[in-house]
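Before any comments, here is the structure.
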There are 2 protein chains.
Amino acid sequence: MYAKNFTTEIELRKSKIQSVICRSGADAFLVSDNANLFYTSGRVFSGYTYIPAEGEMIYFVRRPVGLSRENVVYIRKPEQIPDELSHLGIALPRVLLLENDSLTYNESIRLRNIFSEAKIENGTPLIRGVRMVKTLYEIELIRESAAHHSSMYRKAPSVYKQGMSDVEYSIELERLARLHGSLGLVRIFGKSMEIYMGSVLAGENADEPSPYDFALGGAGLDPSLPISSNGSIMKPGNTIMVDIGGNFTGYMSDMSRVFSLGEIPEKAREAHDVSLEIQSEIEKMAKPGVAASEIYDLAFDIAKKAGFEANFMGHRQKAGFIGHGVGIELNEAPVFAPRSKDILAEGMVFALEPKFVIPQVGAVGIENTFVVTASGIEKLTQCEEEILPLD
Amino acid sequence: MYAKNFTTEIELRKSKIQSVICRSGADAFLVSDNANLFYTSGRVFSGYTYIPAEGEMIYFVRRPVGLSRENVVYIRKPEQIPDELSHLGIALPRVLLLENDSLTYNESIRLRNIFSEAKIENGTPLIRGVRMVKTLYEIELIRESAAHHSSMYRKAPSVYKQGMSDVEYSIELERLARLHGSLGLVRIFGKSMEIYMGSVLAGENADEPSPYDFALGGAGLDPSLPISSNGSIMKPGNTIMVDIGGNFTGYMSDMSRVFSLGEIPEKAREAHDVSLEIQSEIEKMAKPGVAASEIYDLAFDIAKKAGFEANFMGHRQKAGFIGHGVGIELNEAPVFAPRSKDILAEGMVFALEPKFVIPQVGAVGIENTFVVTASGIEKLTQCEEEILPLD
């Protein structure tokens with residue numbers, strides 16, 4: 001199922017999950033969300049991972065055929081799981097955790113009927129809490145993703161051609177990302193979140209509100225996907241915010257950079273400098289024990305004092321956060337929002353994205369991915385942070 | 001919310017949905033799945049469409065800000081819906097349909113608590129049944145998508161360069177699709193289905209089983225996304241199956257074509273001809289009233305008689321269907337499988353994909369998108385169907 005040297009890593013993840021299962025008072029956790037299957041096994045399969053409070057994880061696999069490794073049990077349907085557990089000498093759970101925030105209602109009811117004797121509780125927040133603090137192995141994968149991502153961003157100006165529409169530039173950036181090893185798919189928690197690889201926002205389109213819970217919007221090309229570039233020609237006086245997601249290893253990194261065409265208003269440069277100042281102040285104070293809400297408040301205060309409150313995190317429509325955890329999914333915990341309860345801990349990895357929308361000009365600001373170390377935070381995405389001219 | 005000439009279309013969709021609400025004995029249907037929001041309003045938003053058995057649909061919108069049109073009510077949270085309905089003089093439903101196959105368990109429980117007096121029933125199969133039969137307006141959008149898609153496929157050989165890996169070729173095809181107007185995102189029903197734009201399968205990678213419920217597999221580049229190309233160099237003797245999804249209008253078209261490098265074995269050509277024969281026989285008999293299962297059986301019988309049963313719809317792992325409806329999502333009804341209960345009706349649109357995997361050589365076969373007419377079926381994707389040499 002995964003390379004031999006990966007066994008220790010899976011053992012570590014298992015013990016992290018088992019520890020929260022124990023603390024919750026449950027006997028087992030049955031996961032089937034692709035992100036959690038990948039986390040618990042090292043690969044995506046169709047089926048379920050059964051994690052007992054103690055003992056081995058069992059992989060109940062529907063597809064693909066031919067997985068040969070310990071603890072794999074092939075099934076056609078989840079109704080076979082109780083019998084298979086009995087054959088393995090594993091007692092049925094009295095309290096079972098399910099992914100109530102990602103299983104559909106009908107999938108959940110089906111599993112509840114299968115484990116009809118068990119009390120069912122919600123495991124989604126628990127496993128998201130576990131995944132929030134990355135292992136060293138995971139941090140290495142995010143570091144690798146961030147390195148490819150940064151290298152791609154350094155070449156972003158080279159694929160611009162005069163007269164391009166925002167979509168045409170986006171297409172060349174998507175290709176650049178793929179040539180640098182991007183898997184393409186950006187895995188997102190929550191079925192209502194949709195995006196194609198990332199976003200390129202030029203000029204006034206940056207101020208178009210979108211239905212999605214991303215930091216910024218854009219009208220998109222079609223009402224079926226109202227996000228990101230809208231096909232307008234990029235013009236002198238525009239800023240261009242490039243926010244193409246990085247998924248080079250199954251683990252996401254997230255970064256944005258801003259480019260300019262012709263002369264851009266001083267106000268845009270000032271707002272961009274405020275973003276860099278926010279990032280720099282956060283780098284000074286962020287460390288284990290600091291509250292994510294405190295970090296949001298610091299950013300908001302700096303933006304407000306600089307006179308950019310009306311532009312902070314959007315203008316016609318505003319995002320309610322300035323950062324988010326990244327990992328197997330693009331939107332993990334912690335969340336950097338006013339009412340967030342998350343507290344920084346060593347091993348967390350997050351994207352920080354203080355941004356401003358300047359009407360008629362475009363978006364400015366910065367986004368980088370950081371890991372929380374024992375004493376502070378370390379930036380994983382490395383690339384020029386000033387506004388670079390494309391022309 | 002949508003262009004003025006779109007009003008008649010939305011009225012038509014409303015009456016189709018209201019007819020199934022009525023027949024089910026329910027008083028209303030509350031939808032929040034992006035595909036169903038798009039279907040009921042003409043755009044994706046964050047919120048809910050409330051469809052009463054009679055009367056106007058109400059759009060409860062969280063985001064984006066600034067939608068100005070009739071029947072839009074802004075809300076912060078779904079708990080406001082009952083009060084807002086009362087303000088509008090609409091009686092609360094006694095029987096309410098919810099999307100039990102796409103709402104998460106917790107979302108569904110939240111809505112059940114909000115409508116605690118109502119009996120809740122599953123509306124997912126009903127609206128998928130409605131969406132299965134397309135309106136003329138929708139057929140025009142799929143026709144347009146299919147035209148762009150076909151035009152892109154005609155240029156597919158032109159972006160091949162000798163010595164490319166399957167992924168490098170895929171990247172150029174993705175760019176080609178985007179330059180032809182593809183929105184990129186391929187919308188799929190079911191959270192466990194993941195793919196990036198489509199699939200390019202060359203040589204023996206075509207025989208790698210995947211966890212996903214697509215017609216064919218491929219190992220992919222990473223265990224986090226085990227589908228499609230795996231980075232191997234395409235070699236003489238390989239067939240290359242290109243199956244890049246088409247989403248040019250918010251409506252999907254689906255097509256595949258096969259290319260070759262160097263001399264390929266006669267067996268591969270024979271199997272490809274069997275695919276074309278299957279398609280041709282289905283074109284002769286498919287019309288309103290014909291069962292989808294009958295069409296599957298016909299395809300299977302032709303494949304078996306030709307001696308290709310072991311290769312039909314996969315070799316190491318097989319798909320259980322030879323076609324599927326397309327529309328707002330890539331995997332709609334009808335399903336062409338042995339136990340399908342679907343019966344063809346005028347206005348259905350589906351992709352037919354009889355394919356074979358020849359070990360060590362690659363995949364062969366054909367995929368086109370068809371619309372069911374009053375007396376037969378019409379092919380919407382038009383492009384050379386023989387195996388074309390890339391070199």
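The values are calculated or read from the model by the stated rules, or taken from the named source; none is laboratory data. If you're wondering where the values come from, they're calculated on a predicted model, not measured in any experiment. Quick reminder, even Gly has a Cβ in these numbers, built from the backbone with ideal geometry, and neighbours come from all protein chains shown.
Can you say whether B:L97 is surrounded by fewer than 17 Cβ atoms within 10 Å (Cβ to Cβ) and of a type in the set (A, V, I, L, M, F, W, C), as far as the supplied structure shows? Here the answer is no, as B:L97 does not meet what is asked.
Of all the criteria given as (1) within 26 Å of B:I188 (Cα to Cα); (2) away from chain A (no Cβ under 14 Å), the one not satisfied by B:N34 is (2). A:L179 satisfies every condition listed in (1) more than 23 Å from B:Y196 (Cβ to Cβ); (2) surrounded by fewer than 23 Cβ atoms within 10 Å (Cβ to Cβ) except (1). Which of the following residues is within 13 Å of another protein chain (Cβ to nearest Cβ) and at pLDDT 95 or above: B:I127, B:I114, B:I142? It is B:I142. Here B:S228 fulfils each of the conditions (1) small (G, A, S); (2) within 12 Å of chain A (Cβ to nearest Cβ); (3) surrounded by fewer than 24 Cβ atoms within 10 Å (Cβ to Cβ) apart from (3). Among all residue pairs at least 6 apart or on different chains, which show Cβ distances below 6 Å where the first residue, located in the range A:342-359, is within 14 Å of A:I139 (Cα to Cα) and the second is of a type in the set (G, A, S) and assigned to a strand (DSSP E or B)? Taking only residues 6 or more apart or on different chains, the pairs are A:F350/A:G323; A:F350/A:G325; A:A351/A:G323.
On inspection, B:S192 does not qualify as part of a loop (DSSP other than H, G, I, E, B), within 9 Å of another protein chain (Cβ to nearest Cβ) and at pLDDT 95 or above. Comparison of B:L85, B:L126, B:L103, B:L92 shows that the only residue that is of a type outside the set (S, T, Y), crowded, with 22+ Cβ neighbours inside 10 Å and over 19 Å from B:T381 (Cα atoms) is B:L103.
Of the residues that sit in the range A:202-214 and are touching a residue at least 40 places away in the same chain (Cβ under 8 Å) and within 10 Å of chain B (Cβ to nearest Cβ), which one is surrounded by the most Cβ atoms within 10 Å (Cβ to Cβ)? Among residues in the range A:202-214 that are touching a residue at least 40 places away in the same chain (Cβ under 8 Å) and within 10 Å of chain B (Cβ to nearest Cβ), the one surrounded by the most Cβ atoms within 10 Å (Cβ to Cβ) is A:S210. Could you tell me whether any residue of the range A:198-217 is hydroxyl-bearing (S, T, Y), more than 21 Å from B:Y48 (Cα to Cα) and out of contact with any strand residue (DSSP E or B) (no Cβ under 7 Å at 6 or more places or on another chain)? Within the range A:198-217 (the criterion being hydroxyl-bearing (S, T, Y), more than 21 Å from B:Y48 (Cα to Cα) and out of contact with any strand residue (DSSP E or B) (no Cβ under 7 Å at 6 or more places or on another chain)), the answer is no, since none of the residues qualifies. List the number of the failed condition for A:G217; all other conditions in (1) farther than 22 Å from A:K155 by Cα; (2) away from chain B (no Cβ under 12 Å); (3) out of contact with any Leu (no Cβ under 7 Å at 6 or more places or on another chain) hold. (2) is the only condition that A:G217 fails. Restricting the first member to the range B:43-54 and to residues that are away from chain A (no Cβ under 11 Å), and the second to residues that are basic (K, R), the beta-carbon pairs closer than 8 Å and six or more apart or on different chains are B:I51/B:K14. Name the residues in the range B:196-211 that are modelled with pLDDT of 95 or more and hydroxyl-bearing (S, T, Y), would you? Selection gives B:S199, B:S210.
Close contacts from the range B:73-86, counting a first residue that is more than 17 Å from B:A118 (Cα to Cα) and a second that is assigned to a helix (DSSP H, G or I), with Cβ to Cβ under 8 Å and a gap of 6+ residues or different chains, come to B:V73/B:E84; B:I75/B:I81; B:I75/B:E84. Of the set (1) under 22 Å from the mean Cα position of the chain (by Cα); (2) at negative phi, all apply to A:A268 but (1). Across the range B:153-176, the qualifying residues are those that are within 13 Å of chain A (Cβ to nearest Cβ), of a type in the set (A, V, I, L, M) and touching a residue at least 40 places away in the same chain (Cβ under 8 Å), and the one among them that is surrounded by the fewest Cβ atoms within 10 Å (Cβ to Cβ) is B:M164. Being in contact with a helix residue (DSSP H, G or I) (Cβ under 8 Å, 6 or more places away or on another chain), within 13 Å of chain B (Cβ to nearest Cβ), under 24 Å from A:A351 (Cβ atoms) and polar (S, T, N, Q) is a description that applies to A:S182. All of B:E346, B:E332 fail the test of being more than 23 Å from B:I188 (Cα to Cα) and not aromatic (F, W, Y), apart from B:E346. Selection of the range B:215-232 for residues being touching a helix residue (DSSP H, G or I) at 6+ places or on another chain (Cβ under 8 Å), aliphatic (A, V, I, L, M) and touching a residue at least 40 places away in the same chain (Cβ under 8 Å) yields B:L216, B:L221.
Taking the conditions exactly as written (within 23 Å of A:G237 (Cβ to Cβ), touching a residue at least 12 places away in the same chain (Cβ under 8 Å) and within 12 Å of another protein chain (Cβ to nearest Cβ)), does A:S199 satisfy them or not?
For A:S199, the condition - within 23 Å of A:G237 (Cβ to Cβ), touching a residue at least 12 places away in the same chain (Cβ under 8 Å) and within 12 Å of another protein chain (Cβ to nearest Cβ) - is met.
Mind checking whether some residue in the range B:14-31 is within 30 Å of A:G123 (Cα to Cα), in contact with a helix residue (DSSP H, G or I) (Cβ under 6 Å, 6 or more places away or on another chain) and away from chain A (no Cβ under 13 Å)? Within the range B:14-31, one or more residues are within 30 Å of A:G123 (Cα to Cα), in contact with a helix residue (DSSP H, G or I) (Cβ under 6 Å, 6 or more places away or on another chain) and away from chain A (no Cβ under 13 Å). Looking only at residues in the range B:231-245 that are assigned to a loop (DSSP other than H, G, I, E, B) and crowded, with 24+ Cβ neighbours inside 10 Å, the one that is nearest to the other protein chains (Cβ to nearest Cβ) is B:G245. Is one or more of the residues making up the range B:240-252 over 21 Å from the mean Cα position of the chain (by Cα) and more than 25 Å from B:F189 (Cα to Cα)? Yes, the conditions are met somewhere in the range B:240-252.
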